[in-house]
Amino acid sequence: MLKFIDTILASFRPCFNRVATFHWFVVIIIGMMMRSDHLGVTSIMRDLGLPVRRYETLIHFFRSSAWSLESLRRTWLQVVKRVAPLSYVKGKVVLIGDGMKQSKEAERMPGVKKRHQDSENSSKAAYIFGHLFGAVGVLMGTPKKWFCLPLVMNLQDGVKTIFGWDDASPERQASHVVQMIDQGFAAANTFKQALLLLDRYFLTTPALKRLNQCNQSGDAHMHIVTQAKSNVVAYERPVRKKGRGRPRKKGDRVKLYDLFQTRASEFQATTVIMYGKEETVQYLCLDLLWGQGLYQELRFVLVKHNGRLAILVSTDRTLAATDIIQLYGHRFKIECTFREMKQAIGSFGYRFWSKSMPKLQRYLKKGESHPLEHVKDKENIRLTIKAIEGFVMCNCIAMGLLQIIAVRYSHRVPRLFFRYLRTPSKAIVSEATVMAYLRRSIFFMFARNPHLPLTQIIQEKRHSSDFDDDWLAS
């Protein structure tokens with residue numbers, strides 16, 4: 001297991017301009033995979049037993065100019081493509097995308113703004129101050145247990161002004177929905193053919209327009225599978241009429257939710273695998289035009305399941321209705337990943353802020369100029385955003401490694417099942433169980449594998465007592 005981790009981390013060496021910076025990256029990833037609490041970088045210091053003076057160096061890593069987020073993301077995509085047991089549907093890899101809101105109360109942290117919580121969970125406040133992340137993962141594992149392995153997460157709201165200072169990143173100024181399509185297509189460029197599963201919030205005309213633009217711009221091709229709202233309206237194909245005049249763009253209007261009643265006799269019954277179980281569902285498949293002013297032909301699948309009604313949508317009209325139903329059943333896996341990233345490894349426990357950042361104004365009036373427009377020291381704020389996104393990206397890599405280890409080693413290391421669970425895993429353990437195993441065993445692994453570069457890096461950081469210039473190298 002340790003040799004496997006060492007091989008994976010060695011793949012990231014070209015991403016760093018300096019050897020010392022790469023060594024700190026290795027320390028951070030290992031620390032995130034085994035730490036016992038969520039108190040930011042401090043927990044990595046404690047659980048790896050690092051000297052106190054290493055703290056400043058560890059903090060400086062995230063703002064370092066010796067590495068870039070983009071190279072880290074590209075390398076991680078290549079690693080996942082090479083080592084992860086990915087799920088394919090008709091030759092297309094299955095991606096999953098969604099947004100995630102994280103509460104943050106810091107007054108000088110970039111990207112913090114007032115947000116509405118759409119969750120039906122009664123424990124969550126209706127409004128919070130915090131960050132909005134856009135995340136894309138890939139479906140990975142075996143039929144016994146599927147994971148959504150996180151590929152990339154970045155801030156997608158509250159930072160448009162910052163990225164618009166020099167117009168260097170116009171794609172970061174688009175809406176959250178459009179950025180999600182761009183993010184999914186960036187991952188699809190690695191896999192060439194992809195299906196992106198999205199929540200019903202992302203079925204919009206701008207999203208479909210950006211998807212069509214991306215598909216026409218390169219060799220990669222991506223389709224989306226999502227859910228429509230209950231009030232969705234589509235159109236039949238227009239009937240061509242003889243005579244003069246512009247051809248019609250759309251046909252008769254169809255309110256899809258009404259079809260559950262008016263065309264109930266046309267529904268077909270079938271058995272599909274949903275949430276790991278065989279379920280009997282009824283469905284009706286239709287190809288209709290959708291999108292005000294766009295009128296793109298989409299495949300709609302009306303589904304009845306245990307008294308619940310849903311309208312699924314796919315831009316790929318070659319997919320069978322049963323494939324669309326089963327695919328959308330996997331979308332919830334990204335919610336499981338968010339839960340593990342929050343509760344198991346503390347992916348959002350960052351505390352990066354900048355004195356150059358204007359103090360958060362909680363009651364900024366509509367139309368009033370934003371304080372960011374008058375900032376002079378812009379570079380420090382950009383570095384703070386890099387630190388936040390870099391911290392989350394390192395956690396994505398750590399979480400992905402835990403998931404891959406769970407799939408590859410659950411049947412080879414019986415001790416992975418040492419952790420008491422009221423409902424134990426039958427075949428593949430969870431990410432939290434792998435973390436608990438690493439916390440208990442990793443120093444024994446180091447002792448048994450002293451020749452590995454990974455072991456030498458960790459031991460050098462733990463036991464070096466002379467004052468060096470690592471903080472400069474990082």
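The values are calculated or read from the model by the stated rules, or taken from the named source; none is laboratory data. Keep in mind that this is a model prediction, so the values were computed, not measured. All Cβ positions, glycine included, derive from the backbone under ideal geometry; neighbour counts span all protein chains shown.
Residues that are under 26 Å from PRO143 (Cα atoms) and among the hydroxyl-bearing types (Ser, Thr, Tyr) were ranked within segment 278-334; the one that is nearest to the chain's Cα centre (by Cα) is TYR328.
Mind checking which residues of segment 160-188 are in a helix (DSSP H, G or I), touching a residue at least 24 places away in the same chain (Cβ under 8 Å), more than 16 Å from the chain's Cα centre (by Cα) and surrounded by fewer than 20 Cβ atoms within 10 Å (Cβ to Cβ)?
Filtering segment 160-188 down to residues in a helix (DSSP H, G or I) leaves 160-163, 170-173, 176-188.
This time we only want the ones that are touching a residue at least 24 places away in the same chain (Cβ under 8 Å), so: 161-162, 176-188.
If we keep only those that are more than 16 Å from the chain's Cα centre (by Cα) as well, we get 161-162.
Hit for segment 160-188 is THR161, nothing else.
Listed by position, the strands (runs of 3 or more DSSP E) enclosed by segment 237-297 that each have at least 2 residues that are of a type in the set (Asp, Glu) are 277-290.
Which one of these is in the same structural domain as GLN156 (by TED's automatic domain parsing) and in contact with an Asp or Glu (Cβ under 9 Å, 6 or more places away or on another chain): ALA398, ALA387, ALA344? Steps first, please.
Numbers: ALA398 fails: in contact with an Asp or Glu (Cβ under 9 Å, 6 or more places away or on another chain); ALA387 fails: in contact with an Asp or Glu (Cβ under 9 Å, 6 or more places away or on another chain).
Matching residue, one of ALA398, ALA387, ALA344: ALA344.
Set side by side, the residues ILE405, ILE385 differ, and just one is among the aliphatic types (A, V, I, L, M), closer than 20 Å to ILE334 by Cβ and buried (at least 20 other Cβ atoms within 10 Å of the Cβ), which is ILE405. Go through segment 67-103 and report how many residues are part of a helix (DSSP H, G or I), more than 12 Å from VAL152 (Cβ to Cβ) and free of Cβ contacts under 8 Å to residues at least 12 places away in the same chain. Looking only at that region, the number is 1. Residues in segment 138-161: is at least one farther than 30 Å from LYS277 by Cα, of a type in the set (Lys, Arg), in contact with a Lys or Arg (Cβ under 9 Å, 6 or more places away or on another chain) and modelled with pLDDT under 90? Looking for residues that are farther than 30 Å from LYS277 by Cα, of a type in the set (Lys, Arg), in contact with a Lys or Arg (Cβ under 9 Å, 6 or more places away or on another chain) and modelled with pLDDT under 90, one finds at least one in segment 138-161, hence yes.
Of everything in segment 104-129 that is in contact (Cβ under 8 Å) with a residue 40 or more places away in the chain and of a type in the set (Gly, Ala, Ser), the residue that is surrounded by the fewest Cβ atoms within 10 Å (Cβ to Cβ) is ALA106.
Answer with yes or no whether SER369 is touching an Asp or Glu at 6+ places or on another chain (Cβ under 7 Å), surrounded by fewer than 22 Cβ atoms within 10 Å (Cβ to Cβ) and not in a helix (DSSP H, G or I). Steps first, please.
Working: touching an Asp or Glu at 6+ places or on another chain (Cβ under 7 Å): no; surrounded by fewer than 22 Cβ atoms within 10 Å (Cβ to Cβ): yes; not in a helix (DSSP H, G or I): yes.
No: the conditions fail for SER369.
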